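> This is the structure, below, for whatever I ask next.
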Amino acid sequence: VYSLARVNDMVQKAIAAGRRVFEVLDETNDITNVPGAKAINNINGKIRLTDVTFAYDLGGGKNREVLSDVSIDIPAGKRVALCGPSGSGKSTLLGLIVRFYDPTKGAVTLDGKDLRSITLESLRPAFALVQQETFLFRQSVLENIRYGRPEATLDEVREAARAAAADEFILQLPKGYDTEVGERGVRLSGGQKQRISIARAFLSDPRVLLLDEPTSSVEPDSENAIIEAIDRLMTCRTTVLTSHRPSLVSRCDLVYVLENGKVLDSGPPELVRERNEWLDRFLRSGYELAAAN
Ligand code: ATP
């Protein structure tokens, strides 16, 4: 009787867990291939947003407009920074560029083609996204980096890790590249996780690189090494970044200043800085100012 009671308890827990798992499995993706979408090859990396308005669907018929009539030109192979106070719409804009969602109005194009006319299978591999929080799977460091290109050899993974200034600390872990990380594995610092995510991006060798606050969870002592690694990663590809670090923004060819979902100004950082007080203060005082806003 005691055992039966315990079995019943286990079954009830399994039913509850199963419901949650199926809820996730049954989730549908709003972003799908539209009829007639074509694969894109030989991507150059020129991105343009034309009069883009975007509103988040809050459910119950309500929505919230966070970008209004935004037009942005991102030339192929150039580095473009999106700057502006917290909540101005920078991350939302990156999400539109990689087509995590579609604009409510206007269009986003890659090499002149509307993203909606390109198959997701050919579009997504062209991008790598490095975010402020790096998600690590409960697997070895090797597998976590290889996620950037599953068929990569150990030598290729190590080369990517070296470029990301990660090889040295990985070799010092208890089992080197075979050390398990994530929830129950070795705990890595914010800077170490970030270097793993940069190594992933190196390995996937994307045409377009999107960086969303890539140094925000990094300790001051590893920041310079990470900025140098990001600089190497940005070479020879289109890069769009948001950053509270003036040192990263001033390495960009163009800057767009956003406020409340609108573009206030744009141009080379040094020129825009002369006429835009916010950018001038930002480039002078940096992180604290942007975070305080
Ligand atoms: P930060 O510098 O703090 O990252 P940001 O400039 O990147 O800010 P976004 O994250 O794009 O700004 O957010 C723009 C606005 O959209 C904010 O007001 C935010 O609260 C809102 N927002 C962001 N994500 C969602 C969502 N999934 N649903 C509803 N509103 C959202």
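The values are calculated or read from the model by the stated rules, or taken from the named source; none is laboratory data. Being a predicted model, the structure only gives us computed values, none of them experimental. FYI the Cβ positions are ideal-geometry reconstructions off the backbone, even for glycines, and counts take in every protein chain you see. These accessible areas exclude ligands, DNA and RNA; they are computed on the full protein's heavy atoms, side chains included. Shrake-Rupley method; radii C 1.70, N 1.55, O 1.52, S 1.80 Å.
> How many residues are within 11 Å of the ligand (Cβ to nearest atom) and of a type outside the set (D, E) when one looks only at the stretch 58-109?
24
> Condition first: among the charged types (D, E, K, R), over 27 Å from I230 (Cβ atoms) and modelled with pLDDT of 95 or more. Now tell me which residues in the stretch 41-63 satisfy that.
D51 - this is the single residue of the stretch 41-63 that is among the charged types (D, E, K, R), over 27 Å from I230 (Cβ atoms) and modelled with pLDDT of 95 or more.
> Considering only residues of the stretch 182-229 that are hydrophobic (A, V, I, L, M, F, W, C), within 21 Å of L171 (Cα to Cα) and under 14 Å from the mean Cα position of the chain (by Cα), which is most open to solvent (accessible area, probe 1.4 Å)?
The selected residue is F202.
> Right, next: Name, by its number, the condition in (1) surrounded by 14 or more Cβ atoms within 10 Å (Cβ to Cβ); (2) without any contact (Cβ under 8 Å) to a residue 40 or more places away in the chain that does not hold for G18.
The one condition G18 does not meet is (1).
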